[in-house]
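This report concerns only the one structure given below.
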Amino acid sequence: MRARIPKRKRIFLGCEGQSEQSYGAFLQLLADEDDLAVHIHAVVFVGGDPLAIVKEAADRVRRASEPYAFRAVLLDRDRFGLTPARDNQIPLIARQSSLELIWQDTCHEGFLLRHMPGQEHRRPASTQIAHRELRAVWPDYEKGMLARDIRRTLDKAAVVRAAGVEAKLAALLAQIGLR
């Protein structure tokens, strides 16, 4: 009798760019290391307009051939608030599509900064400051680096540390099975 391979839980992760997609692939590496039956489908939606990204993500999950067990989108907060009329549409679209919005203060580098020991509560005021502060504690960091390169510095403890101050990240980790 052949052993049954458990069906993987499908998780959708909408990404603003290559860096976020690599972060999704990094989470997949961690899940694989723990033998978790999960597949993180990290999809890049190019651009910095949060509304456009959320609309594209909603459309993508709606058209999916198989349903996702969980849906999330990583979004930079640095452009949120520039067009309030557009930004006000985001929560409704996210709710209608069951998308969890994981806002990265102020950007992905600020989000990554909170993964580093002693940096959990850092909230850099600008993207430029976030880049500078992250490079101070992670000198080898490069925007868009591959998941395996992220894994050389970050581990499960780092992700759990960041989830301690990022509730939506904690929800994603719970769905993946990383705690």
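The values are calculated or read from the model by the stated rules, or taken from the named source; none is laboratory data. Keep in mind that what you see is a predicted model, and the values were worked out from it rather than measured. Virtual Cβ from ideal backbone geometry, glycine too; neighbours counted across all protein chains shown. The area values use the complete protein model at the heavy-atom level, side chains included, leaving out ligands, DNA and RNA. Shrake-Rupley method; radii C 1.70, N 1.55, O 1.52, S 1.80 Å.
Table for the structure above
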{"quantity": "Inter-site label distance for residue 125 and residue 2 at 7 Å from Cα along Cβ, in nm", "calculated": "6.2 nm"}
{"quantity": "Hits among lysines - C-alpha to C-alpha of residue 9 under 21 Å, sequence gap 8 or more where chains match", "calculated": "156, 168"}
{"quantity": "Gain on full stretching of the segment that runs from residue 95 to residue 153 - 0.36 nm per residue minus C-alpha separation", "calculated": "17.4 nm"}
{"quantity": "Percent carbon-and-sulfur accessible area, the chain, ignoring ligands, DNA and RNA, probe 1.4 Å", "calculated": "51 percent"}
{"quantity": "³J(HN,Hα), Karplus 6.51/-1.76/1.60, whole Hz, each residue of region 7-15, x for Gly, Pro", "calculated": "5, 7, 6, 8, 10, 8, 10, x, 10"}
{"quantity": "Two-site label geometry, residue 146 and residue 88: point separation in nm, points 7 Å out along Cα→Cβ", "calculated": "4.7 nm"}
{"quantity": "Cut-off under 5 Å, modelled amide H: who pairs with residue 10 long-range", "calculated": "39, 69"}
{"quantity": "Local net charge near residue 47, Cβ-Cβ under 10 Å (Lys/Arg +1, Asp/Glu -1)", "calculated": "-2"}
